[in-house]
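To start, the structure itself, in C-alpha cells.
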C-alpha cells in the first residue's frame with residue numbers, strides 16, 4: 001500500500017478519480033477480452049466490473065481531525081481551569097472541569113475507534129493517538145474531580161490499559177511492516193505517558209481508604225511516641241517535633257533488635273521536623289519576612305498531617321496537652337497582627353490537604369524531593385523535539401498536528417511552573433537546605449539559586465471569601481423549580497441550599513474579631529453558644545427557630 005502526495009496511506013476517493021479510474025480499467029479489460037475472443041472463437045461475455053458503489057469505503061479522517069482538535073481544547077481546559085478549582089468555588093468552573101474530565105474517556109475511545117475503522121488515514125494518526133493517551137493522564141494538578149473517583153482507581157487503571165492496547169493495535173494496523181515516521185520521539189513520549197499513568201494511579205491509590213490509614217498511622221505513632229514527652233518552647237519551637245516529611249522512611253525501616261521504628265534512635269529515622277527547620281541558622285530562614293513565611297509554610301505542612309489523621313479516624317494524642325495549647329496561644333497567635341499569621345498558616349494547611357486528595361503532588365514528593373520536576377522537563381523537551389521535526393518537514397504536514405505538539409509543549413511548561421510555585425516544591429527546597437550544611441554558607445552559589453526558586457509565586461491559595469446563610473429568613477423555604485431540575489436531570493443539578501446567599505470577601509476586621517474571640521476563650525470552645533449568650537440572643541434564636549421549623553422536624 002503506497003503513500004500518495006497527501007500523506008495518506010491510500011488516496012481519498014473523489015468523484016473524478018474514481019470514475020476516471022473505473023473507465024480506464026473498463027477499457028483495458030474490454031480490449032483484453034476482444035483480443036482473447038479473436039484468438040479463440042469462444043463466445044465469452046465480459047464479467048461485470050465492480051462499481052464504486054459496490055465497494056463502499058470509510059473515510060473518517062475529517063471526523064478524527066475534528067475530534068483531536070476538541071481533545072486539545074479539553075486538555076487546555078483541564079490544565080488551566082483544573083488548577084483554578086481551589087481558588088474559585090463557582091459552579092460553572094467546576095462543572096466545565098468535571099465535564100471535560102468525564103468526557104475525556106469516551107472521547108479518546110471514540111476517536112481511536114474512528115481511526116481504526118477508517119480506510120484512509122494520515123501518517124500523523126500515530127502522533128494523534130499518542131496525544132489522546134496523554135489527555136487521560138497529563139494533568140498533575142488534577143488527579144480526581146470527586147472523592148468517589150479515588151476509590152475507583154482500579155477501574156480507571158483497567159480503562160487506561162485497554163485504551164493503551166487499543167492505541168498500539170491501531171498504530172500497528174495502520175503502518176504494518178512500514179517504517180513509522182518520527183518513531184524515536186513518539187516512542188519516548190509514549191514511555192513518559194505510561195509513567196504518567198502510573199503516577200496518576202499510584203496517587204489515587206495512596207489516598208484511597210485502604211491505603212490512607214496505613215500511611216497516616218506512621219504519623220500518629222510518631223506523634224505519640226516521639227513528640228509528646230519533650231520539653232518545649234512555643235516561641236523557638238524547641239521540642240515541637242511535628243513531622244514535616246519523612247514518614248515513608250519510617251514505614252520502610254525494619255525493626256532493629258525487636259524494637260519498632262518509633263523506639264529507635266532519632267538520627268536513624270531521617271525525619272524532617274518543625275524543630276529542625278526553626279533551629280536552622282541559614283540566611284534564607286533567618287531575620288527577614290521571607291524566612292518567616294517559609295517556616296510557616298513548613299508548619300502548615302506539618303499541621304496538614306494532623307488533619308489527615310482526623311480524616312483517617314486516628315486519635316490526636318497531642319490534642320489535650322498543655323504543649324499544644326501553648327503552641328497555639330503563645331506561639332501561633334503571639335506577636336503583632338496574629339490574625340494574619342493564623343489565617344495564612346491555616347490557608348496553606350488546607351491547600352496541602354486539598355492537594356493530597358486531588359493532585360499528584362503528594363505522591364511525587366514522596367518519591368523524591370525533585371522527582372516531580374523530571375517528567376514535565378522530559379516531556380517538554382520531547383514535545384519541542386517533535387515540533388521541530390514537524391516544522392522542518394512542512395511538506396504534506398497536517399496543520400492540526402503542529403498545533404497539538406505546540407499545545408503539549410506549552411502545557412508541560414505550565415505544569416512545571418505550577419509545581420515550582422507550589423508549597424510542595426518550596427517545602428522540598430527548605431528540607432534540602434536544612435539537611436545540607438553546605439548550602440547554608442553565606443554567598444554560596446547554590447544558596448542563591450535556591451533563594452531565586454523560592455521567590456516563584458503561584459495562584460492564591462483560596463478565594464478568601466466568606467459564605468453567608470440567612471437562617472431565619474429562609475428556614476423552611478424550598479425552591480421547587482431547582483428541586484424539579486434536580487430530579488429531571490437525574491441529580492446532575494444540586495438541590496437548593498436553603499438560606500444561602502452570595503459570599504463576601506473576608507475582611508481584616510472579621511479575621512481580627514475571630515482571633516480576638518479565640519484568645520478571650522483561651523481554648524474553651526462552645527460552637528457559637530457563648531457568642532449568642534454574650535449578645536443576649538441565644539434564647540430568642542432557639543425559640544424562633546423551633547417556631548419556623550415544620551412540626552415533623554422539631
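Its alpha carbons give the stretch 158-228 an Rg and a Dmax of 20.7, 68 Å. State whether the stretch 210-358 is rounded, prolate or oblate according to the following rule on the C-alpha gyration tensor (a ≥ b ≥ c being the square roots of its eigenvalues): a/c under 1.5 gives rounded; otherwise a/b larger than b/c gives prolate, and the remaining case gives oblate. It comes out prolate by the Cα gyration axes.
Calculated FRET efficiency, residue 367 to residue 180, Cβ-Cβ distance, R0 = 25 Å: about 0.20 to the nearest 0.05. As a proxy for reagent exposure, 387, 69, 143 were ordered by neighbouring Cβ count within 10 angstrom, fewest first; the result is 69, 387, 143. Modelled spin labels at residue 340 and residue 535, positioned 7 Å past Cα toward Cβ, are 2.7 nm from each other. Ranking of 128, 261 by neighbouring Cβ atoms within 10 Å, starting from the fewest: 261, 128. A quarter of the convex hull surface defined by the alpha-carbon atoms of the stretch 389-455 gives 6.5 nm² as the mean projection. Here 537, 430, 274 are placed in order of increasing Cβ neighbour count within 10 Å, fewest first, which gives 537, 274, 430. The stretch 330-397 and the stretch 195-237 have Cα centres separated by 20 Å. If you look at the Cα atoms of the stretch 61-206, you get an Rg and a Dmax of 15.8, 52 Å. Rounded to two decimals, the Cα radius of gyration of the stretch 136-194 over 2.2 N^0.38 Å is 1.43. Determine the shape class of the stretch 287-439: with a ≥ b ≥ c the square roots of the Cα gyration tensor eigenvalues, call it rounded for a/c under 1.5, and otherwise prolate if a/b is greater than b/c, oblate otherwise. Prolate, since a/c reaches 1.5 and a/b exceeds b/c.
Each reported figure results from applying straightforward, stated rules to the coordinates on display, with no laboratory input. Remember, it's a predicted structure, so these values are computed and weren't measured experimentally. Virtual Cβ from ideal backbone geometry, glycine too; neighbours counted across all protein chains shown.
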